[in-house]
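S.K.: So that we are looking at the same thing, I have put the structure below in structure tokens.
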Amino acid sequence: MTTTGSLHSWDVSTGVDGPGTRFVAFLAGCPLRCLYCQNPDTWRQRDGTPTTAEAVLADVGRFRRFIQVAGGGFTVSGGEPLLQPAFTTELLAGAKELGLHTALDTSGFLGDRAGDDLLDHTDLVLLDVKAWDRATYRRVTGRALEPTLRFGQRLAERGIPIWLRFVLVPGLTDEAANVDGVARFAAGLGNVQRVDVLPFHRLGAAKYTALGIPFPLADVEPPTGELLRRVRTQFAATGLTVA
Ligand code: SF4
């Protein structure tokens with residue numbers, strides 16, 4: 001019996017979705033509403049395409065050799081994959097059966113929904129920690145930070161490596177104390193292999209226009225090189241590897 005989930009799309013890409021060239025399945029639906037979200041078209045689960053895990057895995061299988069040679073793997077992303085934990089578990093387990101390295105790309109907000117069986121099939125978690133300051137986190141995402149911290153700690157206890165991602169938005173997430181908080185938390189976990197500081201950009205603005213919703217950060221400029229260097233240095237100062 002294969003689980004049916006709501007799939008937004010899939011892609012084969014090389015970049016920040018984990019090591020090497022990867023098959024990335026983007027699931028539909030996300031409980032957060034990040035002000036800088038580049039994929040508002042993934043927000044609603046009902047806008048995705050009902051698809052069985054078996055069908056997704058058949059597509060993954062067609063790229064298996066290529067991905068293995070490229071030192072890559074399979075990543076389940078979104079939206080928020082933990083909104084559909086059974087579907088996500090079946091995808092990760094199936095990718096492992098195909099002999100692929102697996103990664104889960106998540107905000108961690110629904111980390112409590114990730115069963116041990118899901119984590120048993122997860123080699124790497126790409127964890128977005130969007131802010132440390134509680135009020136800033138809520139302003140950025142509309143939700144609370146605590147579940148993400150709890151999930152990070154659970155991953156540390158299980159020894160599952162994390163690539164931590166932090167989106168740098170001038171005037172929103174760039175306060176030195178906010179960055180320091182994320183950096184100290186990450187360094188304290190002991191399982192954060194690398195940190196990606198991602199500069200805010202406005203490339204997703206056209207999607208908001210297409211959906212008829214205003215892009216909240218339309219007037220915000222991307223960070224300067226100087227600000228980006230300062231923030232990367234703050235992370236590196238805690239002993240973390242900054243990509
Ligand atoms: S968690 Fe990701 S998909 Fe969800 S709103 Fe935030 S940036 Fe967008």
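The values are calculated or read from the model by the stated rules, or taken from the named source; none is laboratory data. It should be emphasised that the depicted structure is a prediction, and the values quoted were computed from it without experimental measurement. With ideal geometry, Cβ positions are generated from the backbone for all residues, glycine too; neighbour counts draw on all protein chains shown. Heads up: the accessible areas ignore ligands, DNA and RNA and are worked out on the full protein's heavy atoms, side chains in. Shrake-Rupley method; radii C 1.70, N 1.55, O 1.52, S 1.80 Å.
S.K.: Take the residues in segment 87-129 that are among the small types (Gly, Ala, Ser) and under 25 Å from residue 40 (Cβ atoms); name whichever of them is nearest to the ligand (Cβ to nearest atom).
M.R.: Selected residue: 107.
S.K.: While we're looking at this one, here's another question. Taking the condition in a loop (DSSP other than H, G, I, E, B), touching an Asp or Glu at 6+ places or on another chain (Cβ under 8 Å), at pLDDT 95 or above and not aliphatic (A, V, I, L, M), does residue 216 pass? Show your work before the answer.
M.R.: Values: in a loop (DSSP other than H, G, I, E, B): yes; touching an Asp or Glu at 6+ places or on another chain (Cβ under 8 Å): no; at pLDDT 95 or above: yes; not aliphatic (A, V, I, L, M): yes.
Criteria not met by residue 216.
S.K.: Is segment 93-104 home to any residue that is crowded, with 21+ Cβ neighbours inside 10 Å, among the polar types (S, T, N, Q) and over 30 Å from residue 139 (Cβ atoms)?
M.R.: Yes.
S.K.: What about residue 133, is it touching a residue at least 12 places away in the same chain (Cβ under 8 Å) and surrounded by fewer than 18 Cβ atoms within 10 Å (Cβ to Cβ)?
M.R.: Yes; evaluated as a whole, the condition is true for this residue.
S.K.: Of these, 102, 148, 122, 89, which one is among the β-branched types (Val, Ile, Thr) and within 19 Å of residue 32 (Cβ to Cβ)?
M.R.: Step by step, each of 102, 148, 122, 89 is checked, and only 148 is among the β-branched types (Val, Ile, Thr) and within 19 Å of residue 32 (Cβ to Cβ).
S.K.: Yes or no: residue 148 touching a residue at least 24 places away in the same chain (Cβ under 8 Å) and among the β-branched types (Val, Ile, Thr)?
M.R.: Spelling it out, residue 148 is indeed touching a residue at least 24 places away in the same chain (Cβ under 8 Å) and among the β-branched types (Val, Ile, Thr).
S.K.: Quick check: anything in segment 121-130 assigned to a helix (DSSP H, G or I) and either in contact with a Phe, Trp or Tyr (Cβ under 7 Å, 6 or more places away or on another chain) or at pLDDT 95 or above (or both)?
M.R.: no
S.K.: Please tell me if residue 60 is among the hydrophobic types (A, V, I, L, M, F, W, C) and in contact with a Phe, Trp or Tyr (Cβ under 7 Å, 6 or more places away or on another chain).
M.R.: Yes: the conditions hold for residue 60.
S.K.: Do any strands (runs of 3 or more DSSP E) lying entirely in segment 1-77 carry at least 3 residues that are crowded, with 21+ Cβ neighbours inside 10 Å and at pLDDT 95 or above, and which ones are they?
M.R.: So the answer is 4-14, 21-27, 73-77.
S.K.: Using the structure shown, decide if residue 189 is within 15 Å of the ligand (Cβ to nearest atom) and touching a residue at least 12 places away in the same chain (Cβ under 8 Å).
M.R.: On the way: within 15 Å of the ligand (Cβ to nearest atom): no; touching a residue at least 12 places away in the same chain (Cβ under 8 Å): yes.
It is false that residue 189 is within 15 Å of the ligand (Cβ to nearest atom) and touching a residue at least 12 places away in the same chain (Cβ under 8 Å).
S.K.: Among (1) open to solvent by 30 Å² or more (accessible area, probe 1.4 Å); (2) touching a Pro at 6+ places or on another chain (Cβ under 7 Å), there is one condition residue 90 misses while meeting the rest; what is its number?
M.R.: Going through the list (1) open to solvent by 30 Å² or more (accessible area, probe 1.4 Å); (2) touching a Pro at 6+ places or on another chain (Cβ under 7 Å), residue 90 breaks only (2).
S.K.: Would you say residue 188 is loosely packed, with under 15 Cβ neighbours inside 10 Å and at pLDDT 95 or above?
M.R.: On the way: loosely packed, with under 15 Cβ neighbours inside 10 Å: yes; at pLDDT 95 or above: yes.
For residue 188, the condition - loosely packed, with under 15 Cβ neighbours inside 10 Å and at pLDDT 95 or above - is met.
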